[in-house]
1. Only residues that are touching a helix residue (DSSP H, G or I) at 6+ places or on another chain (Cβ under 9 Å), charged (D, E, K, R) and closer than 22 Å to Gly295 by Cα: list them for the range 13-61, please.
2. Scan (1) more than 16 Å from Asn358 (Cβ to Cβ); (2) touching a strand residue (DSSP E or B) at 6+ places or on another chain (Cβ under 9 Å); (3) not aliphatic (A, V, I, L, M) for the single condition Pro334 breaks and write down its number.
3. Taking Gly103 as the residue in question, decide whether it is more than 30 Å from Asp10 (Cβ to Cβ), of a type in the set (Gly, Ala, Ser) and modelled with pLDDT of 95 or more.
4. Filter the range 70-127 down to residues that are within 14 Å of the ligand (Cβ to nearest atom) and of a type in the set (S, T, N, Q), then give me how many there are.
5. Suppose we filter Tyr46, Tyr125 for residues that are among the aromatic types (Phe, Trp, Tyr) and more than 27 Å from the chain's Cα centre (by Cα); which single one remains?
6. For the range 253-271, check the following and say yes or no: at least one residue is within 20 Å of Thr78 (Cα to Cα) and modelled with pLDDT of 95 or more.
7. Hey, could you check the range 142-180 for residues that are in contact with a strand residue (DSSP E or B) (Cβ under 6 Å, 6 or more places away or on another chain) and within 16 Å of the ligand (Cβ to nearest atom) and say which is nearest to Asp129 (Cα to Cα)?
8. I need every pair where a residue in the range 125-142 that is not assigned by TED's automatic domain parsing to the domain that holds Leu192 has its Cβ under 7 Å from the Cβ of a residue that is at pLDDT below 95 and more than 15 Å from the ligand (Cβ to nearest atom), sequence separation at least 6 or different chains.
Amino acid sequence: MIPRFGDGRDWFFEKRFGMFVHWGIYAVAGWHEQLQWRAAMPQAEYVKLAEQFNPTNFDPDEWLRLAKSAGMEYLVFTTKHHDGFCMWDTAATDFNIMHTPYGRDILAELAEACQRQGILLGLYYSCPDWHHPNAINLGGDHQLEKPNPDAQPDLMKYIDFVRTQIRELATNYGRVAAFFWDIPPRLNVPDLNETLRALQPGIVINDRGFSPGDYCTPERNVPAGQAFTRPTEACQSVGAQSWGFRRDEDYFTPDFLIRSMDKIFAMGGNYLLNVGPRPDGTIPPEATAILTEVGAWYKRVQESIVGADPAPGILANTEILTTRRGNTLYLHLPNGLTATGLCLPPLQAKPQRAILLNTGEPVRASVEQPPSMFRRGPCLRLSGLPADGLRSQAAVIRLNFDNGVLP
Ligand code: GLC
């Protein structure tokens, strides 16, 4: 089991599924959140998007209703992405939401809605900045190749700007449960995380900032293995191309996302699934449909994730991942069922009950010597599974054992 923090940060182990939201002025162009860099758009042109940003249909309660209906319990929001545009009323730069036709503090509205609806709020903040004159843009990783006309790179001044912003974010918006730094700055500025922890006891801080932080953040990637050894939150977006709103997005299939979610959850990780709201503030219907389907699966199998720990080493077949709560064992088959039956050596006891959580249907269980296990002794066998309906969707089976059966 991954050691708990033993303090207010332990919410991270109880709330396992979160919503990531990438939203900024790049949504107006609807291409990619890194439009300015990846399409080499001059700053003078990029900043014009702020003049058009007017999300009159922004309703944070609506976002949260969608998140909750999918079983999500926390939300991480892009306060400032690499473009440097700030989605809150910051005193540190004018390049912010108050200087758009919308002119309202979006982060404040979102934070209030989170408090109302009991959703924990996490803040994403980009270390690279393509707008601030003192930021470093020398063509390095996630840095502009051609500096802006007003560029005066000065790392110490830029860090001071970040300090001011971090204080604002950790002071003015109520409880902040998580801080998601992006793009490691390869700098040692420990006071930034210390400030966050002092102002927000119970905050978890990720590993992309100024220290290894509290948790790892594999991105669009499902690491190999049976169980994580460090607190982990995998992130993925509903779209294959972009995190921000993209008009011509290539959306993932819900089954693909569910496969990766099940693997991450069974290994003890959290999952942050991203949506990119449209320029008017609404979540694209394609994303809503995906969340609805993914959420229906999550809610059916949630008991195998929340309050259950990875239990590697119980089965000989390491393609079946296992989680456990007391005498209850959950089998996770992230890639779906390959046959209508499963042999589970070295288990040799019949459970009191076996349920396929995807459908809620009971599963036939017996202890026998199947021919495929010739000379290897009897084992627990499950049979009569509806494999056709679960060819590609992660299947989860609950087995309730008597005391003392599980090692
Ligand atoms: C990457 C991308 C960024 C995105 C982030 C989400 O770091 O650069 O655009 O916000 O991943 O984890």
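1. Arg16, Asp59, Asp61
2. If we test Pro334 against (1) more than 16 Å from Asn358 (Cβ to Cβ); (2) touching a strand residue (DSSP E or B) at 6+ places or on another chain (Cβ under 9 Å); (3) not aliphatic (A, V, I, L, M), just (1) comes out false.
3. Yes.
4. 3
5. Tyr46
6. yes
7. So, considering only residues that are in contact with a strand residue (DSSP E or B) (Cβ under 6 Å, 6 or more places away or on another chain) and within 16 Å of the ligand (Cβ to nearest atom), the one nearest to Asp129 (Cα to Cα) is Phe180.
8. Close Cβ pairs (under 7 Å, with a partner that is at pLDDT below 95 and more than 15 Å from the ligand (Cβ to nearest atom)) do not exist here.
The values are calculated or read from the model by the stated rules, or taken from the named source; none is laboratory data. Computed from a prediction, not measured in an experiment: that's the story for all the values here. Methodologically, a virtual Cβ is constructed for each residue, glycine included, from the backbone with ideal geometry; neighbour enumeration extends over all protein chains shown.
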